[in-house]
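Throughout, read-outs are computed from the coordinates displayed, never taken from laboratory work. What you see is a predicted model; the values in this text were computed from it and never measured. Counting neighbours? That spans all protein chains shown, and the Cβs are built from the backbone with ideal geometry, glycine included.
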Amino acid sequence: MGCVNSKYCSWNPWSLNDDSQQYPKVDPCSFQGKHILTKRSLESVPVPSHNFHLEYSVLTQRGYYPDSPDKENQDSFCIRTQIQGNPSIHFFGVFDGHGEFGTECSNFVKDRLVDILANDPALLDDPVKAFNSAFLATNDELRNSEVDDSGSGTTAITVLIVGDTLFVANVGDSRAVIAVKEGNQIVAEDLSYDQTPFRRDECERVKLCGARVLSVDQVEGLKDPNIQTWGNEESQGGDPPRLWVQDGMYPGTAFTRSVGDDDAAQIGVIADPEVSILQLTPHHLFFAIASDGVFDSLSSQDVVDMV
């Protein structure tokens with residue numbers, strides 16, 4: 001399954017601070033008012049504190065499962081503009097549910113996370129701390145809700161825009177990428193880093209919490225379980241390393257962080273986000289956030305090139 005959320009930063013080419021100039025109508029990625037990729041109408045929101053505006057569009061659709069034609073799309077997204085009534089603060093998020101109740105988990109988290117974040121009076125004082133608190137509080141609320149998150153949960157890739165600064169908070173293996181103009185090229189730069197056992201730091205962390213890290217072939221005895229190197233996501237995406245309890249064949253998660261997944265939390269899967277910060281410049285053309293339904297098949301540069 002895949003969910004994509006794309007934003008375009010259209011800057012005033014004369015000055016970033018001169019309010020006397022009018023914005024030109026710069027819309028290179030639209031056709032008759034619609035985004036080429038999503039075929040949806042573009043929406044726009046100003047960021048008056050730094051004299052630019054955002055144009056954004058979203059696409060979500062069910063993945064192709066030939067053996068499960070009725071499998072539902074468990075992804076969801078959230079767009080919340082003018083957080084706390086401030087016209088220069090905006091939130092965008094993609095949530096990739098998984099497990100039997102993945103849809104319920106992703107919908108719960110997309111609503112509660114932004115509400116908790118928006119109601120934090122210290123949001124502008126310390127956005128990073130506010131993000132951490134919001135994720136952990138949302139995880140606690142989900143665990144105590146009527147949604148069964150024992151074997152279900154959601155990843156989350158979120159971006160909070162505060163003026164000309166992006167705060168990117170990631171839990172799981174969805175991704176944020178930004179397009180940067182370098183001379184005559186447009187180059188993709190990752191704003192988040194997938195939290196999976198492919199990452200040595202994440203792999204060692206969950207092992208210390210009691211997880212076995214093995215691919216399905218290793219668990220089933222088709223490959224040597226003592227080999228603890230798996231190449232990379234591009235070469236081993238079909239049989240990635242997964243997390244298992246010591247004496248069982250569950251949970252089998254291919255990520256090391258998520259919201260929910262109570263069973264997996266016992267072996268180190270946590271809801272703590274990694275937060276990165278980027279100050280925008282006129283060289284930053286747009287950013288996209290998407291679930292692994294997109295990035296399992298396309299590189300970050302592929303996504304930027306397509307947009």
What angle do you read, to the nearest 10 degrees and between 0 and 90, between the alpha-carbon axis of helix 102-118 and the longest principal axis of the chain?
50
In nm, give the distance between the simple-model label positions of ASN226 and GLN61, each being 7 Å from the Cα along the Cα-to-Cβ direction.
4.8
To the nearest 10 degrees, how steep is helix 127-143 against the longest Cα principal axis of the chain, on a 0 to 90 scale?
40
Give the span of segment 155-307's Cα atoms along each principal axis, as three whole-Å numbers ordered largest to smallest.
53, 29, 21
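Which pairs, out of LYS71/LYS110; LYS181/LYS207; LYS71/LYS129; LYS39/LYS71, put more than 29 Å between their alpha-carbon atoms?
From LYS71/LYS110; LYS181/LYS207; LYS71/LYS129; LYS39/LYS71, over 29 Å: LYS181/LYS207; LYS71/LYS129.
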Listed candidates (i) 68, 42, 37; (ii) 74, 45, 32; (iii) 50, 48, 35 - label of the one calculated as Cα extents along the principal axes in Å:
(i)
